[in-house]
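Asks: Take this structure first; my questions come after.
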Amino acid sequence: MASKLAAALALLFLLTSLTVIVTVAIIQIHKTHYLSPGDKYGIVLDAGSSRTTVYVYKWPAEKENNTGVVKQIMICNIDGPGISSLGLNAEQDHRSWSSMEDCMNKTQQKIPPSQHNTTPIFLGATAGMRLLRSKNATAANAIMSEMERYLQRLPFRFQNASVISGEEEGLYGWITANYLMDNFLEKNIWNAWVRPHGAKTIGSLDLGGASTQIAFSPEEPDSSDRFRRVTLYGYEYSVYTHSYTCYGRNEAERQVLAALVQTSSGTSENPCYPQDYSAVIPEEYIFGSQCTAAKKPVNYNPKKHVTFVGTGDPALCRETVLSIFNLSSCEGEDHCSFNGVYQPALTGMFVAYAGFYYTTGALKLKGYFSLEDFNSTTWSFCSRKWKDLQSNYSSVKESYLRSYCFSANYIYNLLVYGYKFNSHTWEQIRFQKEVNNSNIAWSMGYMLILSNMVPAEARLVVLPLSNSVFAGLLFMFSALAILSLMFLIISVVRSC
């Protein structure tokens, strides 16, 4: 009786294994002959204060609402300053439009012609246009209308052209960073999209030309309107984000130059410029911005020039840069950054990109490094003479090279005195440009949200089995089938 029962069980295992093997094989064959609907594309123009950058993204169409599949396939920098400067210089405008045409031609070549009319194109303008809009709304609206007309003439599907708020810029950057790092969804062993174990997110630090943004999900958010609540893939995140207009790298340096201008003469010392270096800068450049307009000297003349002589003094440079931050407004406040702005306690890891990455990269510091290393490297760099810097950075533009000392000291003051990073939490910052060849920039988060590629509710879809999973299942059930067959034969022989 026992041998008959064992034989019956062996036969059952054999039939089950053969059924599974046939089923898996059919699935794999179906997968092999499955005709993919192809790829989809998206275009975003990041119209920043200092330049416009064109990003082209690509993703498999059948996975449109999943994560971890959007990749950057092209980036094109448009020559000239940002669009907020359009109309100020005819020669400069011609160069910018010519470069824009060149980037758009490259974009059309990158995307298959059959996909042109279904490829969405977006333009998001940031702090440069925000400043212009507050100064001259008519001029800002005219520029945006001109950009919209231009984009509508392209063979792509025009979606949107707008000036985004600083908080939106910070939030989109936070979404991009966490999206690229698979912090919203990941694949489990069954090839299904699930929420990562622990579901931790990373903070975002962005440094542009006219503004800087910080965004992170604090441990204990309150219910006030100081937090942005977003639902991504069925889960709600409470994100603190703030943008500091006039504290982007370029506008912050203007503030420092304005503070250094001596009204009694046409020459001023600049401790952030290298020794033996001098630069003649128009007063229009220094005081023509809304960020420095209130500091215009009594005898201000837009046609007048100021000569700045570099002294290469790192200590004085750091002290001078610190003067543009209003720290007294936060005295006695536990949760305050600078200029009286509320900020919850820092928590978790952060990624610092854009201007943060480019400045530390110029100092030959990348990824993780201590605050002590950053300080010693900054001090050494700021103490070097101009000829020494020129010989070691021959390919770097003069306007960038002369300002790296300022930029490094600005980053120190912003992160340490502004955002309240210390020697311990500094080591939680990773200075990084991209993830898997996709730039960390607000543009990807902007496209994901506006094209509805990030759904409000998660759709956990089991995809066709991969070759490795198929092989594993086939091996396991084939072995089980062989063992069952052998056991069945032995049982039959013994029963005879």
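The values are calculated or read from the model by the stated rules, or taken from the named source; none is laboratory data. Remember, it's a predicted structure, so these values are computed and weren't measured experimentally. For neighbour counting, all protein chains shown are included, and Cβ atoms are generated from backbone atoms with ideal geometry for every residue, glycine included. Accessible surface is based on the protein model in full, side chains and every heavy atom, while ligands, DNA and RNA are left aside. Shrake-Rupley method; radii C 1.70, N 1.55, O 1.52, S 1.80 Å.
Asks: Would you call residue 375 under 30 Å from residue 335 (Cβ atoms) and out of contact with any Leu (no Cβ under 9 Å at 6 or more places or on another chain)? Spell out the reasoning first.
Replies: Working: under 30 Å from residue 335 (Cβ atoms): yes; out of contact with any Leu (no Cβ under 9 Å at 6 or more places or on another chain): yes.
Criteria met by residue 375.
Asks: So, of the residues in region 420-434 that are within 15 Å of residue 353 (Cβ to Cβ) and part of a loop (DSSP other than H, G, I, E, B), which turns out to be most open to solvent (accessible area, probe 1.4 Å)?
Replies: By that ranking, first place goes to 433.
Asks: Next up: Given 348, 340, 361, 332, which one is touching a residue at least 60 places away in the same chain (Cβ under 8 Å) and either more than 28 Å from the chain's Cα centre (by Cα) or assigned to a loop (DSSP other than H, G, I, E, B) (or both)? Give the steps one after another, and end with the answer.
Replies: Details: 340 fails: touching a residue at least 60 places away in the same chain (Cβ under 8 Å); 361 fails: either more than 28 Å from the chain's Cα centre (by Cα) or assigned to a loop (DSSP other than H, G, I, E, B) (or both); 332 fails: touching a residue at least 60 places away in the same chain (Cβ under 8 Å).
None of the other options fit; the residue is 348.
Asks: Looking only at region 374-382, decide whether some residue is in contact with a Ser or Thr (Cβ under 8 Å, 6 or more places away or on another chain), part of a helix (DSSP H, G or I), free of Cβ contacts under 8 Å to residues at least 60 places away in the same chain and open to solvent by less than 10 Å² (accessible area, probe 1.4 Å). Before the answer, list the steps.
Replies: Let us first name the residues in region 374-382 that are in contact with a Ser or Thr (Cβ under 8 Å, 6 or more places away or on another chain), namely 374.
In the following step, the residues that additionally are part of a helix (DSSP H, G or I) were identified as 374.
Next, from what is left, pick out any that are free of Cβ contacts under 8 Å to residues at least 60 places away in the same chain: 374.
So of that shortlist, the ones also open to solvent by less than 10 Å² (accessible area, probe 1.4 Å) come out as 374.
Scanning region 374-382, I find at least one residue that is in contact with a Ser or Thr (Cβ under 8 Å, 6 or more places away or on another chain), part of a helix (DSSP H, G or I), free of Cβ contacts under 8 Å to residues at least 60 places away in the same chain and open to solvent by less than 10 Å² (accessible area, probe 1.4 Å), so the answer is yes.
Asks: Return yes or no: is residue 86 surrounded by 21 or more Cβ atoms within 10 Å (Cβ to Cβ) and closer than 21 Å to residue 160 by Cβ? Walk me through how you get there before you give the answer.
Replies: Numbers: surrounded by 21 or more Cβ atoms within 10 Å (Cβ to Cβ): no; closer than 21 Å to residue 160 by Cβ: yes.
When the stated conditions are applied, residue 86 does not pass them.
Asks: Okay, next question. Between residues in region 73-90 that are touching a residue at least 24 places away in the same chain (Cβ under 8 Å) and residues that are assigned to a strand (DSSP E or B) and small (Gly, Ala, Ser), which pairs lie under 7 Å by C-beta distance while being six or more apart or on different chains?
Replies: Going by the 7 Å Cβ cut-off, the qualifying pairs are 82/47; 83/47; 83/125.
Asks: Can you tell me which residue within region 263-288, out of those that are touching a residue at least 40 places away in the same chain (Cβ under 8 Å) and surrounded by fewer than 20 Cβ atoms within 10 Å (Cβ to Cβ), is farthest from residue 323 (Cα to Cα)? Let's see the steps before the verdict.
Replies: Taking region 263-288 and keeping what is touching a residue at least 40 places away in the same chain (Cβ under 8 Å), we get 266-277, 279.
Filter once more, keeping what is surrounded by fewer than 20 Cβ atoms within 10 Å (Cβ to Cβ): 266-269, 275-276, 279.
On the way: 266: 22, 267: 21, 268: 17, 269: 16, 275: 22, 276: 25, 279: 22 Å.
Filtering region 263-288 for residues that are touching a residue at least 40 places away in the same chain (Cβ under 8 Å) and surrounded by fewer than 20 Cβ atoms within 10 Å (Cβ to Cβ), the one farthest from residue 323 (Cα to Cα) comes out as 276.
Asks: Same structure, new question: Of the numbered conditions (1) more than 16 Å from residue 42 (Cβ to Cβ); (2) out of contact with any Lys or Arg (no Cβ under 7 Å at 6 or more places or on another chain); (3) crowded, with 17+ Cβ neighbours inside 10 Å, residue 161 satisfies every one except a single condition; which is it?
Replies: Condition (1) is where residue 161 drops out.
Asks: Another question about this same structure. For residues that are at pLDDT 90 or above and over 16 Å from residue 415 (Cβ atoms), scanning just region 211-236, find the one that is nearest to the chain's Cα centre (by Cα). Write out each step before concluding.
Replies: Initial filter on region 211-236 (at pLDDT 90 or above): 211-218.
With over 16 Å from residue 415 (Cβ atoms) added as a condition, the list becomes 217-218.
Details: 217: 16, 218: 19 Å.
Step by step, filter region 211-236, then rank; the result is 217.
Asks: Could you figure out which of (1) over 26 Å from residue 452 (Cα atoms); (2) modelled with pLDDT of 95 or more isn't true of residue 87?
Replies: Just one mismatch for residue 87, condition (2).
Asks: While we're here: State whether one or more residues within region 395-418 are in a loop (DSSP other than H, G, I, E, B), under 30 Å from residue 46 (Cβ atoms), at pLDDT below 95 and not aliphatic (A, V, I, L, M).
Replies: Checked region 395-418: at least one residue is in a loop (DSSP other than H, G, I, E, B), under 30 Å from residue 46 (Cβ atoms), at pLDDT below 95 and not aliphatic (A, V, I, L, M).
Asks: When residues of region 301-328 are filtered for being over 30 Å from the mean Cα position of the chain (by Cα), of a type in the set (Ser, Thr, Tyr) and surrounded by fewer than 16 Cβ atoms within 10 Å (Cβ to Cβ), how many remain?
Replies: 2
Asks: May I ask you to list pairs of residues, at least six apart or on different chains, whose Cβ atoms are under 7 Å apart, with the first in region 406-430 being farther than 19 Å from residue 367 by Cα and of a type in the set (Lys, Arg) and the second being open to solvent by less than 30 Å² (accessible area, probe 1.4 Å) and not in a helix (DSSP H, G or I)?
Replies: Filtered contacts from region 406-430: 420/337.
Asks: Kindly provide the set of residues from region 234-254 that are in contact with a strand residue (DSSP E or B) (Cβ under 8 Å, 6 or more places away or on another chain) and farther than 17 Å from residue 210 by Cα, ordered by number.
Replies: Those that are in contact with a strand residue (DSSP E or B) (Cβ under 8 Å, 6 or more places away or on another chain) and farther than 17 Å from residue 210 by Cα: 236, 237, 238, 239, 240.
Asks: Could you list, in sequence order, all residues of region 229-251 that are over 13 Å from residue 201 (Cβ atoms) and part of a strand (DSSP E or B)?
Replies: In the first step, residues of region 229-251 are kept if they are over 13 Å from residue 201 (Cβ atoms); the result is 229, 231, 234, 242-251.
Matches in region 229-251: 229, 231, 242, 243, 244, 245.
Asks: Still on this structure, I have one more. In the set 104, 129, 144, 74, which member is surrounded by 15 or more Cβ atoms within 10 Å (Cβ to Cβ), over 30 Å from residue 232 (Cβ atoms) and out of contact with any His (no Cβ under 7 Å at 6 or more places or on another chain)?
Replies: Details: 129 fails: over 30 Å from residue 232 (Cβ atoms); 144 fails: over 30 Å from residue 232 (Cβ atoms); 74 fails: over 30 Å from residue 232 (Cβ atoms).
That would be 104, the only listed residue that is surrounded by 15 or more Cβ atoms within 10 Å (Cβ to Cβ), over 30 Å from residue 232 (Cβ atoms) and out of contact with any His (no Cβ under 7 Å at 6 or more places or on another chain).
Asks: Test each condition in (1) touching a Phe, Trp or Tyr at 6+ places or on another chain (Cβ under 8 Å); (2) surrounded by 13 or more Cβ atoms within 10 Å (Cβ to Cβ) for residue 354 and report the one that comes out false.
Replies: All conditions pass for residue 354, except number (1).
Asks: Okay, moving on. Please find, among 370, 399, the residue that is among the hydroxyl-bearing types (Ser, Thr, Tyr), in contact (Cβ under 8 Å) with a residue 40 or more places away in the chain and either under 24 Å from residue 251 (Cα atoms) or open to solvent by less than 50 Å² (accessible area, probe 1.4 Å) (or both). Don't jump to the end; show me each part of the working.
Replies: Numbers: 399 fails: in contact (Cβ under 8 Å) with a residue 40 or more places away in the chain.
Only one candidate passes the filter, namely 370.
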